[in-house]
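Written below as structure tokens is the structure these notes are about.
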């Protein structure tokens with residue numbers, strides 16, 4: 001469960017509302033490319049600016065579009081434990097396969113506070129949970145020994161690691177059970193993470209190049225390191241340009257260029273700057289993605 005390539009879906013907007021038709025189109029694209037799952041309502045999906053009703057509906061639309069053909073790991077995290085429980089229950093109700101839970105931001109809990117936060121959600125929902133460690137957005141780092149404690153909880157089945165430290169991720173793999181899924185949260189670290197025993201990636205770049213991300217991960221997991229390395233270096237400019245400004249600003253523009261969807265964002269995010277827009281278009285054209 002929850003390995004390979006899972007795409008951190010953008011949330012398309014049109015006229016200020018969630019574009020449900022566009023969202024369905026995105027899911028079909030991912031299915032056609034052979035991804036293993038999708039993640040609605042994560043950081044890439046602008047969950048921070050969705051109302052609770054919109055959050056519920058986005059997950060519901062994605063579950064309906066997936067129709068059991070790929071896994072749906074719904075973002076349901078919050079810095080309010082009660083709110084995270086409510087969002088996770090909502091994802092359960094509409095048929096998601098599991099929940100991705102960002103560590104509490106702004107509060108800056110201790111390591112024990114992190115343990116109790118995730119344990120409380122597990123106890124109240126009885127649902128497969130993947131912890132999301134991204135210190136750059138949360139100002140707290142879930143340490144390997146903390147994840148080892150969380151891995152003992154039956155419902156906590158994995159972690160999306162975006163700490164950016166391959167040594168720390170190595171410690172996570174060393175200290176957690178073999179069946180605890182360790183997924184890259186950084187596209188550029190997908191191959192290194194797979195090389196040390198990781199299980200896949202929750203990818204932003206697969207919004208734009210889903211087939212090649214699937215091929216990269218399949219090659220690495222199948223032992224064809226030369227092919228995986230070739231794809232890694234081919235896609236490296238994409239990994240870079242998609243984070244030239246705050247995610248998901250560049251990736252929404254890239255998908256809009258490819259599919260004709262609106263690239264509207266919600267404040268406080270703003271449109272991609274002109275120099276970066278030109279660089280993005282050039283990169284997509286050079287890679288044959290436009």
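Each reported figure results from applying straightforward, stated rules to the coordinates on display, with no laboratory input. These numbers were taken from a predicted model, which means no experiment stands behind them. As a convention, Cβ positions derive from the backbone with ideal geometry for all residues, glycine included, and neighbour counts pool all protein chains shown.
Tell me whether segment 44-53 contains one or more residues that are more than 20 Å from residue 269 (Cβ to Cβ), without any contact (Cβ under 8 Å) to a residue 60 or more places away in the chain and surrounded by fewer than 17 Cβ atoms within 10 Å (Cβ to Cβ).
If we filter segment 44-53 for residues that are more than 20 Å from residue 269 (Cβ to Cβ), which is where we start, we get 53.
Okay, now just the ones that are also without any contact (Cβ under 8 Å) to a residue 60 or more places away in the chain, so 53.
With the extra rule that they be surrounded by fewer than 17 Cβ atoms within 10 Å (Cβ to Cβ), the set shrinks to 53.
Among the residues of segment 44-53, at least one is more than 20 Å from residue 269 (Cβ to Cβ), without any contact (Cβ under 8 Å) to a residue 60 or more places away in the chain and surrounded by fewer than 17 Cβ atoms within 10 Å (Cβ to Cβ), which makes the answer yes.
Considering only segment 11-43, state which residues are under 14 Å from the mean Cα position of the chain (by Cα), farther than 20 Å from residue 103 by Cα and in contact (Cβ under 8 Å) with a residue 60 or more places away in the chain.
Within segment 11-43, 30, 35, 36, 37 meet the criteria.
Can you pull out the residues in segment 157-180 that are within 21 Å of residue 219 (Cα to Cα), in contact with a strand residue (DSSP E or B) (Cβ under 6 Å, 6 or more places away or on another chain) and surrounded by fewer than 22 Cβ atoms within 10 Å (Cβ to Cβ)?
Scanning segment 157-180 gives a single hit, 173.
When segment 184-198 is examined, which residues are found to be crowded, with 22+ Cβ neighbours inside 10 Å, part of a loop (DSSP other than H, G, I, E, B) and over 10 Å from the mean Cα position of the chain (by Cα)?
198
Mind telling me which of the residues 73, 31, 6, 101 ends up being more than 20 Å from residue 217 (Cα to Cα) and outside any loop (DSSP other than H, G, I, E, B)? Give the steps one after another, and end with the answer.
On the way: 73 fails: more than 20 Å from residue 217 (Cα to Cα); 31 fails: more than 20 Å from residue 217 (Cα to Cα); 6 fails: more than 20 Å from residue 217 (Cα to Cα).
The unique qualifying residue is 101.
Checking residue 92 against (1) crowded, with 17+ Cβ neighbours inside 10 Å; (2) in contact with a helix residue (DSSP H, G or I) (Cβ under 6 Å, 6 or more places away or on another chain); (3) farther than 28 Å from residue 190 by Cβ, only one condition comes out false. Which one?
(2)
Filter segment 120-156 for residues that are touching a residue at least 60 places away in the same chain (Cβ under 8 Å) and out of contact with any strand residue (DSSP E or B) (no Cβ under 6 Å at 6 or more places or on another chain); which is farthest from residue 73 (Cα to Cα)? Reasoning before the result, please.
Residues of segment 120-156 touching a residue at least 60 places away in the same chain (Cβ under 8 Å): 128, 130, 132, 134, 137.
Checking the rest, the ones that are also out of contact with any strand residue (DSSP E or B) (no Cβ under 6 Å at 6 or more places or on another chain) come to 134, 137.
Numbers: 134: 17, 137: 20 Å.
Among residues in segment 120-156 that are touching a residue at least 60 places away in the same chain (Cβ under 8 Å) and out of contact with any strand residue (DSSP E or B) (no Cβ under 6 Å at 6 or more places or on another chain), the one farthest from residue 73 (Cα to Cα) is 137.
Out of segment 212-239, which residues are loosely packed, with under 15 Cβ neighbours inside 10 Å and under 18 Å from residue 7 (Cα atoms)?
236
Quick one: residue 232 ticks every box in (1) closer than 30 Å to residue 156 by Cβ; (2) touching a residue at least 60 places away in the same chain (Cβ under 8 Å) bar one, so which box is it?
Condition (2) is where residue 232 drops out.
Return the only residue of 65, 91, 96 being under 20 Å from residue 53 (Cβ atoms) and not in a helix (DSSP H, G or I).
Working: 65 fails: not in a helix (DSSP H, G or I); 91 fails: not in a helix (DSSP H, G or I).
On inspection, the qualifying residue turns out to be 96.
Checking residue 107 against (1) part of a helix (DSSP H, G or I); (2) in contact (Cβ under 8 Å) with a residue 12 or more places away in the chain; (3) more than 18 Å from the chain's Cα centre (by Cα), only one condition comes out false. Which one?
Of everything listed in (1) part of a helix (DSSP H, G or I); (2) in contact (Cβ under 8 Å) with a residue 12 or more places away in the chain; (3) more than 18 Å from the chain's Cα centre (by Cα), residue 107 misses just condition (1).
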